[in-house]
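Here is the structure we will look at, set down as C-alpha cells.
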Amino acid sequence: MCGIVGYVGFPNQKDVKEILLSGLEKLEYRGYDSAGIAIYNNGVKVFKDKGRVANLRKIVDNYIPSTLGIGHTRWATHGVPNSINSHPHQSSSGRFTLVHNGVIENEVELRNKYLQDYEFISDTDTEVVVALIETFVEAEEPVDVAIRHVMGLIEGSYALTIIDDQSPATLYAAKSKSPLLIGLGDGFNMVGSDAMSIINYTNQFIELHDEEFIVLTPEDVCIYSILGVKIDRPYYTETLDAADTEKGIYPFYMLKEIDEQPYAIRRIVAKYFTDTGFNINPNIVETLKNTDRIYIVAAGTSMNAGFVGKQLFETISNIPTEVHIASEFVYNTPIISSNPLFIFLSQSGETADSRAVLVKIKSLGYKSLTITNVKSSTLSREADYTLLLHAGVEIAVASTKAYTSQIAVMAILASDQANLDPIGLKKDLALIANVIESITDNKLMYKELADEYLTKRNCFYIGRHIDYYVAIEAALKLKEISYIQTEGFAAGELKHGTIALIEEDTPVIAVISQENINLNTRSNIKEVKSRGAKVIVISLKSISSAKDQIVIDDVNPILSPLVTIVPTQLLAYYAALGRGLDIDKPRNLAKSVTVE
Ligand code: F6R
C-alpha cells in the first residue's frame, strides 16, 4: 500500500530528488498506482502522476538543488488514480505540502465541521488533512500545535510527512496505525515507511508509536506525544543488508525468493536450535504450556500457513487450534476459551486487519505471540512475544519464502511443546532444504508444464488432509499473479457441486503427500479426468504413480507442505511469465496491507 519517504539535510549534502525517487523505488513492492514528490527549492515544487516511479522520473526536473523533500507512492482508496489525486497534496495557499498513508474515516464530518468554504481540488481524504492544518494555522495556531490538533481530530489511520514552505529546514511527520520509521544521518535525517526505503543512507533507526508527532531538522530529531510532551527513545541499528533488497541476476524478486527458501529454512534451524535442544524464548514455551487453545489470526498466504500450523499444533502437540480470518474476527468474534494464546502470523507485521484483532484481544487481557519476518514491525512491537522468521526481506507481492518459514517456525514450536527429539526435527528440516533445492534446480520442467497446462481462464487445485491447505495456498499464488481464476478444493468436496465447472481441458492440479488419502485423491482425479480435465499430479515419491508429472523426494509427511508448495509457486511464476505479466507487482495488490 502507500509508501512514504522524507528527507531534510544541510545544503550540498545529498541529491534530495534522487533520495526520494530511489526510496520510492524501494517501496514499489508494497503496491501502488501513482507516485509523486515535493522538493523545496525557493518554494515547493510538486511532481506527481499516476503510474510507476519510472514514469515520475521522466517528469521530474533534471537538477533541483534542495535540502528538503517528501515522496509518496499511492494505492488509491479515495478517488481514482490520476495526477490530481496523487500525493503530495498542497493547502490552498500552497504553504503546506503533505503526503499521507492511511485512511481518514471521518473525512466527511471534518469537511462539514471545519472546511465548508474550502475549495478542494482532489477526491482524496488526504486533502482534508492539509486543509485543516492550514485552517488552524490561519487561526493563529503555531504549526506544531495545528498538526497535533489535526491528529487529535482524525479517526482512522495515518502516517503523514509535511513541509511548511516557511520552514525550509524542518520536516514534520506524524503517525497512527500506518507504519513510519525515522532514519538518523550525519547532517541529515529521514523518515520512511520501512527500513528498506532508507537503508542506503543510514542503518540507524528510531521506531515510532501511534499518535506521535515528529520534528526533524538536519541535526535533530524530536518526538512528541499528541499532547506535545517530549519523548526520548533510543535508536537501534538495523542489520538489513542493502544488497538483500536487490534482484541480482533474477528477472523477478519472486523467483529469487522461491530460490531462497532452502537458505531461509537453514537460517531458521540455526536460530531456533542449540546443539542439543530447541532455542525458544522460555516465556513463550511456558505460555504455550498453559494454553488450552491457540487462535491463529492472519490474512491471505499467512492465513494459509496458519491452516498448516493448526495441523501441526493439533497433531504434534495436541493443542486445539483455530484459524481465523483477521478481517472477520473483530466484527464476528468467536467464543474464546478460558486460557487462549493468540498467534498473529504476518510476513510484514503491519497488516491492519490483524492489528485490529491484536488491539481487541489485548483489551480483553489475552496473551499474544506474533510470528513475523519484520523485526520491530507494529504487530511485533505490540504483541507480548515475537518469533522472527529470519527469511530475509520479501519484496515480491506474492509471498513464498515467508509462507514456508512460518510453517517451519510453527513446526519447531509445536515439536518443542511435544518434547520431540530436536535432533530428529533438525534433520527433517535439513533434508527439506535439500529437497527444495532439487525442485528449484529443475525450473525448465515447471516452465514447460505451465506452458502446456495453464492455458485456460480457470484452474483447480485439489488435495485432502494437509494437502488441501497446500491446495488453497497454491490457488492463491496462481490467481494473484497470473489472473487465472483458480480455486483450491478439498478433493472429496468437488463432486458436491464444483465438478460442474470441469470441462474439456480444464486444468486440475492434485497434491498427494499422505499415504492414508493417496487412493481417495486418486479416485477424485479419475472423476475429473473422465469429465475432460487435464491433470497434473504432485506427489511424494513413496506414494507416487508412474504417470505423476511432479514427484518429490520423501520428507516427513507432516512437514510435506514445505516441499509440495514449491512446485506450485514455480507453476504460478511461469504461468504469469508466459502471459508477460509484472510478476512482482500484480494488479490491484499491495505487499503491506495497512488499511482495514
Ligand atoms: C499473497 C500475500 C498476501 C499476504 C496477506 C497478509 O501472496 O502475500 O495474501 O499474505 O496480505 O500479509 P502479511 O503476511 O504481511 O500479514
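The values are calculated or read from the model by the stated rules, or taken from the named source; none is laboratory data. Quick caveat: nothing in here was measured; it's all calculated off a predicted structure. Heads up, the Cβs are rebuilt from the backbone with ideal geometry, glycines too, and the neighbour counts pull from every protein chain shown. To get the accessible areas, we keep the full protein, side chains included, count just its heavy atoms, and leave off ligands, DNA and RNA. Shrake-Rupley method; radii C 1.70, N 1.55, O 1.52, S 1.80 Å.
Can you give the charge dipole size of the range 53-120 about its Cα centre, rounded to the nearest 20 debye, using +1 on the beta carbon of Lys and Arg and -1 on the beta carbon of Asp and Glu? Show your work: numbers first, answer last.
Values: 6 positive and 6 negative charges, 57 e Å.
Result for the range 53-120 is approximately 280 debye, rounded to the nearest 20.
Quick one: if the Förster radius is 56 Å, what FRET efficiency do N279 and F120 give, using the C-beta to C-beta distance and rounding to 0.05? Don't skip to the end; give the middle numbers.
On the way: r = 56 Å, r/R0 = 0.99.
With a Förster radius of 56 Å, E is 0.50.
Report the charge-dipole magnitude of the chain in Debye, nearest 20, computed about the Cα centre from +1 at each Lys and Arg Cβ and -1 at each Asp and Glu Cβ. Working shown, then result.
Numbers: 55 positive and 74 negative charges, 308 e Å.
Charge dipole of the chain: 1480 debye, to the nearest 20.
If each DSSP helix of 4+ residues adds -39,500 (n - 2.57) and the sum is divided by the residues in the chain, what number results at 222 nm, nearest 500 deg cm²/dmol? Walk me through the numbers on the way to the answer.
Working: 18 runs with 214 residues, N = 596.
Roughly -11000 deg cm²/dmol at 222 nm, from the helical runs in the chain.
Can you figure out the FRET efficiency of E452 with S523, using R₀ = 25 Å and their beta-carbon distance, to the nearest 0.05?
Details: r = 25 Å, r/R0 = 0.98.
E(calc), rounded to 0.05, equals 0.55.
Report the Cα centroid-to-centroid distance between the range 385-406 and the range 240-260 in angstrom, as an integer.
13 Å
So if R0 is 25 Å, what FRET efficiency would I231 and K362 give, r being the distance between their Cβ atoms, rounded to the nearest 0.05?
Values: r = 21 Å, r/R0 = 0.84.
It comes out at approximately 0.75.
Length gain on complete extension for the stretch Q204 to A500, per 0.36 nm per residue less the alpha carbon to alpha carbon distance?
Values: separation 296, 0.36 × 296 = 106.56 nm, distance 5.77 nm.
Roughly 100.8 nm would be gained on extension.
Treating the beta-carbon of each Lys and Arg as +1 and of each Asp and Glu as -1, no other charges, what is the dipole magnitude of the range 247-439 about its Cα centre, to the nearest 20 debye? Walk me through the intermediate numbers first.
Numbers: 17 positive and 18 negative charges, 60 e Å.
Taking the Cα centre of the range 247-439 as origin, the dipole is about 280 debye.
Distance between the C-alpha centers of the range 480-536 and the range 66-138? Whole Å please.
49 Å
Given the pairs K401/K534; K17/K591; K177/K591, which are separated by over 20 angstrom at their Cα positions? It would help to have the intermediate numbers written out before the result.
On the way: K401/K534 29 Å; K17/K591 25 Å; K177/K591 16 Å.
Over 20 Å Cα-Cα: K401/K534; K17/K591.
Can you give me the distance in nm between label points at L444 and K113, each placed 7 Å from the Cα along the Cα-to-Cβ direction?
Calculated label separation equals 6.7 nm.
May I ask for the equivalent-ellipsoid semi-axes of the chain, computed as the square root of five times each C-alpha gyration tensor eigenvalue and listed largest first in whole Å? Before the final figure, lay out the partial values.
Numbers: eigenvalues 395, 139, 99 Å².
Semi-axes, largest first: 44, 26, 22 Å.
Cα-based Rg of the range 402-551 per 2.2 N^0.38 Å, rounded to two decimals?
Working: Rg = 16.5 Å, N = 150, 2.2 N^0.38 = 14.8 Å.
Taking the Cα Rg and dividing by 2.2 N^0.38 Å, one obtains 1.11.
Could the peptides 204-216, 445-457, 274-286 be put in order, highest first, of the mean number of other beta-carbon atoms found within 10 Å of their residues? Please report the intermediate quantities before stating the final value.
Numbers: 204-216: 20.0, 445-457: 16.6, 274-286: 12.0.
The most tightly packed comes first, giving 204-216, 445-457, 274-286.
Taking only C-alpha pairs under 8 Å that are 6+ residues apart, what is the relative contact order of the range 247-439 in percent?
Numbers: 332 pairs, mean separation 58.2, N = 193.
After rounding, I find 30 percent.
Taking the dipole about the Cα centre of the chain, with the C-beta of Lys and Arg at +1 and of Asp and Glu at -1, give me whichever of Y201, Y331, F136 is farthest to the positive side.
Going by the charge dipole, the pick is Y331.
Excluding residues fewer than 8 places away in the same chain, name every one of the aspartates and glutamates whose C-alpha is closer than 14 Å to that of K256.
Hits, sequence-local ones excluded: D244, E246, E394, E437, D441, D584.
First compute the accessible area of the range 3-244 with a 1.4 Å probe, then give the percent of it belonging to carbon and sulfur atoms. Mind dumping the intermediate values first?
Details: 4360 of 9330 Å².
About 47 percent, which is the carbon plus sulfur part of the accessible surface.
Restricting attention to the range 1-75, which chymotrypsin sites (Phe, Trp or Tyr not before Pro) occupy a DSSP loop and are surrounded by at most 13 other Cβ atoms within 10 Å? Spell out each step's value before the answer.
Values: sites: Y7, Y29, Y32, Y40, F47, Y63, W75; in loops: Y32, Y63, W75.
Listed in order of number, the matching sites are Y63.
Under a crude label model (7 Å from the Cα following the beta-carbon direction), how far is A54 from N318 in nanometres?
Inter-label distance under the simple model: 5.8 nm.
Which one, I558, G488, A576, projects farthest toward the positive side of the charge dipole computed for the range 442-596 from Cβ point charges (K/R +1, D/E -1)?
Towards the positive end, the residue furthest out is A576.
Over all pairs of distinct alpha carbons, what does the Kirkwood formula give as the hydrodynamic radius of the range 151-229, in Å? Please report the intermediate quantities before stating the final value.
Values: mean 1/r = 0.0780 Å⁻¹.
After inverting the mean inverse Cα-Cα distance, the result is 12.8 Å.
Can you tell me the accessible area per residue over the range 247-439, all protein chains present, probe 1.4 angstrom, in square angstrom? The partial results should precede the final answer.
On the way: 6840 Å² over 193 residues.
Result: 35 Å² per residue.
What nm value, rounded to one decimal, do you get for the distance between D15 and A418 when each label is placed 7 Å out toward the C-beta?
5.7 nm
Work out the charge dipole of the chain with +1 on the Cβ of Lys and Arg and -1 on the Cβ of Asp and Glu about the Cα centre, then indicate which of T506, A159, I412 is farthest towards its positive end.
T506
Enter the Cα centre distance for the pair the range 541-596 and the range 164-187, rounded to the nearest angstrom.
If you average the Cα positions of each part, the centres end up 40 Å apart.
Per 0.36 nm of contour for each residue apart, how much would the distance between E155 and E328 grow if the chain were fully extended, relative to their Cα-Cα spacing?
Values: separation 173, 0.36 × 173 = 62.28 nm, distance 2.06 nm.
Difference between extended and current length: 60.2 nm.
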